[in-house]
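The values are calculated or read from the model by the stated rules, or taken from the named source; none is laboratory data. Quantities reported herein were computed from a predicted structural model and do not represent experimental measurements. Note: ideal-geometry Cβ built from the backbone for every residue, glycine included; neighbour counts use all protein chains shown. These area figures cover heavy atoms from the full protein model, side chains too; ligands, DNA and RNA do not enter into them. Shrake-Rupley method; radii C 1.70, N 1.55, O 1.52, S 1.80 Å.
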Amino acid sequence: ANGFATVAWPAFVVAVVTGMWNIFEVDMANAATEYHMTLGVKFLLVIAAGGSAYAHSRAQTARVRGITGGVGAVASLVVLFLGVLMSNPS
């Protein structure tokens with residue numbers, strides 16, 4: 001797990017930075033309200049995924065590790081889904 005963390009945390013930072021970069025590439029004035037809502041939810045879930053991953057790495061009990069791992073996994077999958085949803089305009 002510690003070896004994975006040396007790769008995962010820098011990758012998480014790169015994902016956050018490129019996500020913020022993409023915000024500036026989208027013409028927000030002409031973007032639909034649904035896009036703004038999806039972006040906001042995705043941003044909150046990225047924070048939840050990162051926070052739960054951090055809590056998971058610091059957890060002292062198996063119960064807390066399980067809960068934070070589950071929350072992080074679900075939040076990450078929803079973030080992935082929202083990213084795909086945002087890349088395919090309807």
Semi-axes (Å, rounded, descending) of the ellipsoid equivalent to the chain per its C-alpha gyration tensor are 29, 14, 9
At a 1.4 Å probe, what is the % contribution of carbon and sulfur to the accessible area of the chain? 72
Pairs of alpha-carbon atoms within less than 8 angstrom and 6+ residues apart define the contacts here; what relative contact order does the chain have, in percent? 28
To the nearest 10 Å², what's T18's accessible area with a 1.4 Å probe? 50
Multiply the residue separation of W9 and L77 by 0.36 nm, subtract the distance between their alpha-carbon atoms, and state the gained length in nm to one decimal. 22.8 nm
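Going from most exposed to least, what order do F12, F43, F24 have by accessible area with a 1.4 Å probe? Intermediate results must be reported in sequence, preceding the final value.
On the way: F12 70, F43 115, F24 170 Å².
The residues order as F24, F43, F12, largest area first.
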Paramagnetic label zone (point 7 Å from Cα along Cα-to-C-beta, A62; backbone N under 17 Å) in the range 1-20: none
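What is the local net charge at S52, summed over the other residues whose Cβ is closer than 15 Å to its Cβ (Lys, Arg +1; Asp, Glu -1)?
Around S52, the charge tally is +3.
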Whole-Hz ³J(HN,Hα) from phi, Karplus 6.51 cos²θ - 1.76 cosθ + 1.60, for the range 71-88, glycine and proline x: 4, x, 5, 5, 4, 5, 5, 5, 4, 4, 4, 5, x, 5, 4, 6, 7, 10
Rounded tilt (10° steps) of 33-58 against the dominant C-alpha axis of the chain: 10
Got a sec? What order do V79, V84 fall in by accessible area at 1.4 Å, biggest, i.e. largest, first? V84, V79
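Could you rank M37, M20 by how accessible they are, 1.4 Å probe, largest area first? Walk me through the intermediate numbers first.
Details: M37 130, M20 95 Å².
In descending accessible area the options line up as M37, M20.
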